[in-house]
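The values are calculated or read from the model by the stated rules, or taken from the named source; none is laboratory data. Computed from a prediction, not measured in an experiment: that's the story for all the values here. Backbone-built Cβ (ideal geometry, glycine too); neighbour counts: all protein chains shown.
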Amino acid sequence: MNARTLAHTTGGLSHPPLVLAGSIAGLLDMVWVCTLWGTLGATPKRIFQAIASGWVGNDAAVAGGWTTALLGLASHFAITIAMAYAYAWVARRLPVLIQRPVLYGALYGILLWAVMIHVVVPLSAAPSGQSPPWPWALWANIAVHMFLVGVPCALGARWALRVR
């Protein structure tokens, strides 16, 4: 099956660009998170467990060792890949989103940050209220979501929708 046939049979989307874009966004975000929290002594294992705590609670995530760390890592990448698919799904109906991917990707990143912080985390089993002690960290996290998560999702959607 060639790219044109794949895009046609999947509702106009080519899946590899979206999986790649979501994976890149997830990797960039995770490098940022591990760097930021690493300065405070958190290990990548503990960071991944903190993500898994959204599923199983904090105590179970820590007790689960590497099993829950891998659950957290897989969850993180599943979420960022879903973010890329969501952008592409909306962009199929609003072509301006793929015509200006940096602008709208950055705005999408702000939306993603707000939804994760104000909806997803509070509805999960993860403990809330954890943020770095520096005032600039809030703005840095928003900027990371804008340019390292939102923009790659938008660029992946642009690529996925143009492969026909």
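Tell me, yes or no, whether region 106-113 has at least one residue that is surrounded by 20 or more Cβ atoms within 10 Å (Cβ to Cβ), modelled with pLDDT of 95 or more and of a type outside the set (A, V, I, L, M).
yes
Go through region 21-48 and count every residue that is hydrophobic (A, V, I, L, M, F, W, C) and either closer than 16 Å to Phe147 by Cα or buried (at least 19 other Cβ atoms within 10 Å of the Cβ) (or both).
Residues in region 21-48 being hydrophobic (A, V, I, L, M, F, W, C) and either closer than 16 Å to Phe147 by Cα or buried (at least 19 other Cβ atoms within 10 Å of the Cβ) (or both): 11 in total.
Applying the selection to region 49-68, what residues are closer than 21 Å to Ser131 by Cβ and either among the aliphatic types (A, V, I, L, M) or surrounded by 19 or more Cβ atoms within 10 Å (Cβ to Cβ) (or both)?
Gln49, Ala50, Ile51, Ala52, Ser53, Gly54, Ala61, Val62
Looking for whichever is modelled with pLDDT of 95 or more, farther than 20 Å from Leu123 by Cβ, hydroxyl-bearing (Ser, Thr, Tyr) and part of a helix (DSSP H, G or I) here; the options are Thr5, Thr67. Which one fits?
Thr67
Check Gln130, Gln99 and return the single one that is of a type in the set (S, T, N, Q) and under 20 Å from Leu40 (Cα atoms).
Being of a type in the set (S, T, N, Q) and under 20 Å from Leu40 (Cα atoms) holds for just one of Gln130, Gln99, which is Gln130.
For the condition surrounded by fewer than 16 Cβ atoms within 10 Å (Cβ to Cβ), of a type in the set (Lys, Arg) and more than 17 Å from Trp32 (Cβ to Cβ), what is the one hit in Arg162, Arg158?
Just one listed residue meets the conditions, Arg162.
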